[in-house]
1. Which residue fluctuates most in the GNM of the chain (Cα springs below 10 Å): TYR53, TYR19, TYR45?
2. For Cα extents along the principal axes in Å, which listed value, (i) 41, 31, 21; (ii) 36, 28, 27; (iii) 43, 26, 21, comes from the coordinates shown?
3. Going highest first, how would you order 67-76, 23-32 by mean Cβ packing within 10 Å?
4. Less than 27 Å apart at the alpha-carbon level, and either on another chain or at least 8 residues along: which lysines does that give for LYS3?
5. Apply the Karplus parameterisation 6.51 cos²θ - 1.76 cosθ + 1.60, with θ equal to phi minus 60°, to every residue of the range 34-49 and state each ³J(HN,Hα) to the nearest whole Hz, in sequence, with x for glycine and proline.
Amino acid sequence: MHKACYVYILASERNGTLYIGVTNDLARRVGEHREGLVPGFTKTYGVNRLVHYEIFEDIHVAIARETRLKKWKRQWKIDLIQTRNIHWDDLHETING
């Protein structure tokens with residue numbers, strides 16, 4: 001059985017700066033972003049609120065989805081987030097039980 005993989009979107013705030021990533025351990029990876037342990041874009045711009053994620057069984061499918069989402073227009077990404085998270089709540093607590 002394959003371990004679940006996740007495509008996730010982080011935001012700095014509602015309608016703020018967005019970041020899209022992929023991981024096989026969502027709680028760990030989002031925690032790293034939140035603690036500023038990931039150097040680069042998310043740390044520089046304070047992008048650490050988990051606002052959307054999708055679960056996949058195949059890492060190749062997850063990477064393909066991440067690649068597609070990164071090419072989307074910004075408004076499409078905002079619309080995707082708001083389909084399941086209208087208030088842009090930070091979902092980090094929901095993934096940690």
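We did not get these values from a lab; they are worked out from the coordinates using the rules stated. Computed from a predicted structure; not experimentally measured. In this analysis, Cβ positions are derived from the backbone assuming ideal geometry, glycine residues included, and neighbour counts consider all displayed protein chains.
1. Its mean-square fluctuation being the largest, the pick is TYR45.
2. Recomputing Cα extents along the principal axes in Å here gives the entry labelled (ii).
3. So the order, starting with the most tightly packed, is 23-32, 67-76.
4. Within the straight-line cut-off, LYS3 pairs with LYS70, LYS71, LYS77.
5. Here the 3J(HN,Hα) series is 5, 8, x, 7, 9, x, x, 3, 5, 5, 4, 9, x, 8, 9, 9 Hz.
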